[in-house]
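Written out below as structure tokens is the structure these notes cover.
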Amino acid sequence: MTTATVTDPAAPRGARPWRAVLRTEARLFGREPAGIFWILGFPTLLLVVLGCIPSFRDPDPGLGGIRLVDAYVPVSVLLSMIVSGLQSMPPVVTGYRERGILRRMSTTPVRPGALLGTQMGLHGAAAVVSTCLSLAVGRLAFDVALPRQAFGYALALLLAVLAALALGALVSALSRTSKIAGAIGSVVFFPMMFCAGVWLPVRAMPGTLARVVELTPFGAAAQALDQAASGDWPSWAHLGVLAVWAVVLSTAAARWFRWE
Amino acid sequence: MPNTPVTHTTPTAAGGSGPHPIIEVQSLTKSYAGRTVVDGVSFVVEEGEIFGILGPNGAGKTTTVECIEGLRVPDTGRIRVAGLDPVAEHAAVTRILGAQLQESELQAKLTVREALELYAAFYPSPADWRPLAERLGLTERLATRFGRLSGGQKQRLFIALALIGRPRVVVLDELTTGLDPRARRDTWELIEEIRTGGVTVLLVTHFMEEAQRLCDRIAVIDRGRVAALDTPAGLIGRAASSTTISFTPSSPLEHAVLAALPQVGSVQSKDGRITLSGTDETVNAVVTLLARHHITAHQLRVADATLDDAFLDLTGA
């Protein structure tokens, strides 16, 4: 817009502000070794520990003939998403609001939404890197086959990342302080890990329990990833459950998020 | 106005060559949950001046400037910054208005250099951050993380960030609160330099000394209203009694004689020392009176009223 007093060459130059925000937030992300360990190290480490138990490497008829270590690769993949989206992101975003960082940014030509978008992008990317790490370690150390239905796997992965980030965004929206965000994150963390199959892979759960868990975002994701890993296109029911969760959670987060 | 607002020197507000307004606030009101915080505030800030908003805590100062910054939407009233509406034309306003907010922080692990580079990238034609950092004494601290800066260093960084987009006006909200006296004085010098550089300053404060020393004009805000708007000298002149005279007479003096002098406010005496309030005229009258009665005034002291006195009178605090 141009007025008598302000000429406006001022459409900010292309992507420069966004790139600067991304570079800055990526640097800050790199300065949190604890966060990096929990997102990138912990899920793979869990896989390694479990894979070193001899009985986990024997075919298990209860799992349809695959080994427990095979079943735990998708679990560790989902674990990285839960840690990233639910444990790591909400305290950061809530802290940015609590400490006036978003408000300070509101007084510049860049919208504070850039900061939130960047944080979600970085946490999503970290979860994907962690996924690749789990798949690689599973393949190299324990001879776990790579997903046979790669596109189906990638699609299920994408929807699971979106659902995890949306859940984290909702926690950020509902928490007034970063301490509350940490607390809510931890409370939601355990049921989500259970649904992802950390204690018992979803495919090994008794029928009724499995049906209920499949309606949760990470239960559905676990089933979809299992199907794609073994070469089938993931069931549209599981993908649909994931997509609905992603939409509902992000709509709720957008509805309740406060900039200050 | 072309894209080089920071370099030219600006006529002072008092200059007769037609100063023009850069911030206009008309009948601004804002309430939260039924409680009226700002109740019909109006004032105009001229380009090139240091304009103070002074008032007790909770008077509505911060809410007023947050409406100017476009962070809050006024209930009623009209605000223009260089002719722009801070809410409807927020993006355009952010390019000409630099803000330092009360109680805002940066990411704890962000270094000073990274903060300067980041904020410089937000603006279409930013100032070079190197000389800016130099001028604000931050050059030694470029590699220091925000979380490790002292209060004064943080405030200086926020001033740098407010200036980095080469704004025409900066809003500084309680800039020196929490600083030690030395850092506060350094900051005052900086603010004067900013104005010398041609940038209009809107300064929110509750420090009388700060307002008196820096501001060309001051709006005193009390309970959401503008209680007075004048130069510091003008405000002091409005104090009920602008001068205090005290002395110990060499021989006793009737109170009634003193009270009859022109423009005397009050007369008190304690342990033989007399204190009376009045104006410049009273001072002359007292001196003449004493001379006529051949009375010597020991330890004669004349003190001007300060902005403090004016403020207390205006706000009834």
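Just so it is clear, none of the values below were taken in a lab; they were calculated from the coordinates. None of these values were measured; they are calculated from a predicted model. In this analysis, Cβ positions are derived from the backbone assuming ideal geometry, glycine residues included, and neighbour counts consider all displayed protein chains.
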Longest to shortest principal axis, alpha-carbon extents of the range A:17-256, angstrom: 61, 33, 31
Cut-off under 5 Å, modelled amide H: who pairs with B:G52 long-range: B:L203, B:D216, B:R217, B:I218, B:A219
Rg/Rg_globular for the protein assembly as shown, with Rg_globular taken as 2.2 N^0.38 Å and Rg from C-alpha atoms: 1.34
Order by protection proxy (mean Cβ within 10 Å, highest first), peptides B:108-121, A:193-206: B:108-121, A:193-206
For residues of B:220-229, the mean tally of beta carbons on other chains within 10 Å: 0
Rounded to 10°, Cα long-axis angle of helix A:16-30 versus longest principal axis of chain A: 50 degrees
Reachable aspartates and glutamates, given that their alpha-carbon falls under 19 Å from the alpha-carbon of B:K109 and they are not under 8 places away in the same chain: A:E25, A:E32, A:E98, B:E117, B:E140
Residue-wise HN-Hα coupling along the range A:248-260, computed from phi with Karplus coefficients 6.51, -1.76, 1.60 (Hz; x: Gly, Pro): 4, 5, 6, 5, 5, 5, 5, 5, 9, 5, 10, 7, 8
Cα radius of gyration and Dmax for the range B:96-208 (Å): 13.0, 37
Helix B:151-163 axis, angle to chain B major axis (alpha carbon atoms, nearest 10°): 60 degrees
Overall Cα dimensions of the range B:164-317 - principal axes, largest extent first, Å: 67, 33, 26
Residue-averaged beta-carbon neighbours from other chains (10 angstrom radius) around B:122-129: 4
Chain B: most fluctuating residue of B:L179, B:L138, B:L290 per GNM, C-alpha cutoff 10 Å: B:L290
Bins of 10 Å from zero: percent of alpha-carbon pairs in chain B: 6, 23, 27, 20, 12, 8, 4, 0
0 to 90° range, to nearest 10: angle between helix B:181-196 axis and chain B longest Cα axis: 70 degrees
Cβ neighbours within 10 Å from other chains - mean over B:112-119: 3
Karplus-derived 3J(HN,Hα), 6.51/-1.76/1.60, for each residue of the range B:98-110, Hz, glycine and proline x: x, 10, 10, 9, 6, 6, 10, 10, 10, 4, 4, 9, 7
Integer Hz, Karplus 6.51/-1.76/1.60 couplings in order for the range B:77-88, x for Gly and Pro: x, 9, 10, 9, 10, 6, x, 9, 7, x, 8, 5
Amide proton proximity set for B:R225, modelled H, under 5 Å, gap of 5+: B:D39
